[in-house]
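Please read the structure below before turning to the comments.
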Amino acid sequence: MIQAHDLPRLLHGDTGRPLTLAQHEATFPIGARPGGLFEELEASGLTGRGGAAFPTARKVRLLREQRNHHKFVVVNAMEGEPGAHKDQSLLSANPHLVLDGAEYLAAMIGAKNIAVAVARDNPSVVNHVTRALHERERRHDRGAKFELHTPPWRFVAGEESALVHWLDDNESLPQYRPQRPTILRIGHGPVLVDNAETCANVGLIGRYGAAWFRAHGTEQSPGTTLVSVTGAVERPTVAEVPLGTTLREILALADADPNPLALVMGGYGGSWLDGRHLDLPYANEALAPYGVSVGAGIIVVLSRAGCGVVETHRVVRWMANESARQCGPCAFGLPALAEDLGHLAHATRDAAAAYQRLVERAGVIEGRGACRHPDGVVRFVRSALAVFAADFEGHRHGAACAGAQSRRHFAAVPTLEREDELIWE
Amino acid sequence: MGMRRRTGGFVLAVNPIQCDGFGHCTELAPDLVRLDEWGYPIIDKTPVALSNLSALESARLAVRGCPRQALRIERVSDLPEGPAHRT
């Protein structure tokens with residue numbers, strides 16, 4: 001068995017090919033879990049790795065209390081963020097660990113069905129999961145039944161209510177949930193949705209218990225996590241680090257620019273962090289005072305050759321296009337933000353007025369969508385206004401910074417297949 | 001409808017997916033709803049006291065008058081202490 005202090009855990013025994021079931025069982029032997037499954041999960045303090053960092057045990061408890069024979073576990077490996085590759089890395093290294101975790105979750109809530117959701121745009125991962133599910137089918141017949149689902153990739157398609165909507169009704173659109181937390185349903189069956197990385201951690205806790213799990217990480221953020229580092233880096237990397245590792249150490253793993261201008265933390269629904277704060281520990285309790293979070297485990301490095309205003313514009317423009325266009329404040333508000341940022345990025349004559357509009361509009365949009373997509377964009381814009389305050393000052397008075405002219409970009413944004421996809425322009 | 005509780009409060013809640021920005025709500029409940037520049041309602045999330053009968057009545061009119069049936073009144077059993085709520 002892997003010892004508590006061994007690293008990596010989730011990517012243990014990664015050979016570049018997915019572990020077969022036999023290899024997986026040899027690498028991760030069933031250990032001596034000290035207590036009951038749910039008790040150990042509760043004691044582990046595991047939080048969701050999909051972005052919201054909600055305590056997994058609280059979610060499981062909510063589903064355990066439901067009396068229903070048609071419960072589902074959904075493994076969310078949709079990976080909507082363009083900068084994220086962690087679910088892909090995990091499922092390409094050891095799909096069985098994720099599937100084990102899903103089985104533990106199903107056992108805890110009494111679910112008979114497990115749906116694994118992987119975006120169809122990622123065929124190699126779909127293949128790895130398909131193969132792993134075949135292996136399991138041949139080997140044993142216990143517990144819940146697995147099913148693989150491959151919705152098309154969109155940013156909001158990985159949002160949990162949109163994903164459940166797809167599984168229920170083939171529509172990848174977020175649902176309106178007046179009360180939170182809400183129990184999502186497929187048909188009449190309550191659904192537990194967990195990120196693939198969360199499931200893999202449950203797979204480890206189910207084997208080795210809470211004390212083992214807590215050997216890494218901080219008191220409030222125990223365990224290890226996968227982090228995707230991209231942008232101004234030599235080697236874009238998915239690394240497994242204990243929570244609480246300093247940002248500087250994480251960036252070094254990807255040979256990143258050691259003196260960056262800023263970092264995108266948590267993904268495009270996350271926030272900018274000033275590049276001076278590299279000694280902060282990578283854990284939510286330490287990052288919160290700076291308005292950032294671990295989020296979906298993404299760090300994008302912006303070098304001093306780039307421009308924060310231009311990068312923010314590119315990201316927001318893309319995010320606006322990824323709106324499901326169900327809710328007015330998101331469908332109209334995000335393109336308006338993108339347009340204002342466009343004026344600022346190019347330092348046009350309208351830039352000063354655009355800055356005023358941007359600040360006002362950012363204040364109006366938040367909390368008015370069915371999902372958190374508009375809130376994430378507003379948070380991203382607000383953090384940009386704070387971190388790049390000096391640059392915005394120059395841009396709004398018609399003096400774009402040097403980085404804006406360099407045309408080097410750092411934050412990866414998928415190209416739109418056709419420019420007329422931008423329906424508002 | 002007939003029963004009027006005088007304790008607790010309510011908030012007018014909009015389902016943003018249903019809402020198509022007709023704007024009837026701001027006509028019917030001008031004190032509770034204002035519109036953004038795109039014509040979609042902005043509603044204050046702090047609860048209004050149920051004892052404020054005129055506000056409650058206008059909220060009901062807005063709910064009934066919404067062409068998309070996107071509005072509803074959510075009861076909040078306990079009002080927060082202090083000046084946070086509106087009467």
Next on the checklist: As an exercise: evaluate A:Ala331 against (1) more than 19 Å from A:Arg154 (Cα to Cα); (2) at pLDDT 95 or above; (3) among the aliphatic types (A, V, I, L, M) and give the number of the one condition it does not meet.
Outcome noted: (1)
Checklist entry - Within segment A:284-308, can you find the residues that are surrounded by fewer than 23 Cβ atoms within 10 Å (Cβ to Cβ) and among the small types (Gly, Ala, Ser)? => result A:Ala286, A:Ala288, A:Gly291, A:Ser293, A:Ser303, A:Ala305
Item to check | A:Ala111 being surrounded by fewer than 23 Cβ atoms within 10 Å (Cβ to Cβ), of a type in the set (A, V, I, L, M, F, W, C) and either in contact (Cβ under 8 Å) with a residue 12 or more places away in the chain or more than 22 Å from A:Gly231 (Cβ to Cβ) (or both) | outcome: no
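For segment A:253-278, how many residues are among the aliphatic types (A, V, I, L, M) and part of a strand (DSSP E or B)?
Let us first name the residues in segment A:253-278 that are among the aliphatic types (A, V, I, L, M), namely A:253-254, A:256, A:261-265, A:273, A:278.
Restricting the remaining residues to those that are part of a strand (DSSP E or B) gives A:256, A:262-265, A:273.
Going through segment A:253-278 one residue at a time, the tally reaches 6.
Here is a yes/no grid of residues against (1) surrounded by 22 or more Cβ atoms within 10 Å (Cβ to Cβ); (2) of a type in the set (A, V, I, L, M, F, W, C); (3) in contact with a Cys (Cβ under 6 Å, 6 or more places away or on another chain):
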residue	(1), (2), (3)
A:Ile205	yes, yes, no
A:Arg214	no, no, no
A:Val227	yes, yes, no
A:Gly231	yes, no, no
A:Glu234	no, no, no
A:Arg248	no, no, no
A:Asp257	no, no, no
Item to check | The one condition in (1) part of a helix (DSSP H, G or I); (2) under 21 Å from A:Met265 (Cβ atoms) that A:Ala412 fails to fulfil | outcome: (1)
Next on the checklist: Among the residues that make up segment A:7-20, is at least one of them more than 19 Å from A:Gly203 (Cβ to Cβ) and modelled with pLDDT under 90?
Outcome noted: yes
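In segment A:93-199, which helices (runs of 4 or more DSSP H) lie fully inside it and hold 2 or more residues that are at pLDDT 95 or above and β-branched (Val, Ile, Thr)?
Once the helices (runs of 4 or more DSSP H) in segment A:93-199 are filtered for at least 2 residues that are at pLDDT 95 or above and β-branched (Val, Ile, Thr), what remains is A:95-109, A:123-139.
Scan segment A:3-37 for residues that are hydrophobic (A, V, I, L, M, F, W, C) and buried (at least 17 other Cβ atoms within 10 Å of the Cβ) and jot them down. Show your work before the answer.
Filtering segment A:3-37 down to residues hydrophobic (A, V, I, L, M, F, W, C) leaves A:4, A:7, A:10-11, A:19, A:21-22, A:26, A:28, A:30, A:32, A:37.
Matches in segment A:3-37: A:Leu10, A:Leu11, A:Leu19, A:Leu21, A:Phe28, A:Leu37.
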Item to check | Per-region count, segment A:162-203, residues within 14 Å of chain B (Cβ to nearest Cβ) and in contact with a Leu (Cβ under 6 Å, 6 or more places away or on another chain) | outcome: 2
Checklist entry - Only one of A:Ala384, A:Ala400, A:Ala404, A:Ala338 is over 25 Å from the mean Cα position of the chain (by Cα), in a helix (DSSP H, G or I) and not assigned by TED's automatic domain parsing to the domain that holds A:Val233; which? => result A:Ala404
Next on the checklist: Can you pull out every residue in segment B:1-21 that is more than 11 Å from chain A (Cβ to nearest Cβ) and at pLDDT 95 or above?
Outcome noted: B:Leu12
Checklist outcome for this item: In segment A:355-382, residues that are among the polar types (S, T, N, Q) and either touching a residue at least 60 places away in the same chain (Cβ under 8 Å) or within 12 Å of chain B (Cβ to nearest Cβ) (or both) total 0
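Among the residues of segment A:371-384, is there at least one that is over 27 Å from A:Thr230 (Cα atoms), among the β-branched types (Val, Ile, Thr) and buried (at least 23 other Cβ atoms within 10 Å of the Cβ)?
First, the residues of segment A:371-384 that are over 27 Å from A:Thr230 (Cα atoms): none.
The answer is no, given that none of the residues of segment A:371-384 is over 27 Å from A:Thr230 (Cα atoms), among the β-branched types (Val, Ile, Thr) and buried (at least 23 other Cβ atoms within 10 Å of the Cβ).
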Checklist entry - Can you pull out the residues in segment A:367-381 that are within 17 Å of A:Glu322 (Cα to Cα) and either in contact with a Lys or Arg (Cβ under 8 Å, 6 or more places away or on another chain) or in a helix (DSSP H, G or I) (or both)? => result A:Ala370, A:His373, A:Pro374, A:Asp375, A:Gly376, A:Val377, A:Val378, A:Arg379, A:Phe380, A:Val381
Checklist entry - If you take the residues in segment A:324-341 that are buried (at least 24 other Cβ atoms within 10 Å of the Cβ) and more than 9 Å from every other protein chain (Cβ to nearest Cβ), which one is farthest from A:Glu81 (Cα to Cα)? => result A:Asp340
Item to check | Of the criteria (1) within 14 Å of another protein chain (Cβ to nearest Cβ); (2) hydrophobic (A, V, I, L, M, F, W, C); (3) closer than 20 Å to A:Glu360 by Cβ, which one A:Leu344 fails | outcome: (1)
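The values are calculated or read from the model by the stated rules, or taken from the named source; none is laboratory data. This is a predicted model, so every value here is computed, not measured. Because the Cβ atoms are built from the backbone with ideal geometry, glycine has one as well, and the counts that use them run over all protein chains shown.
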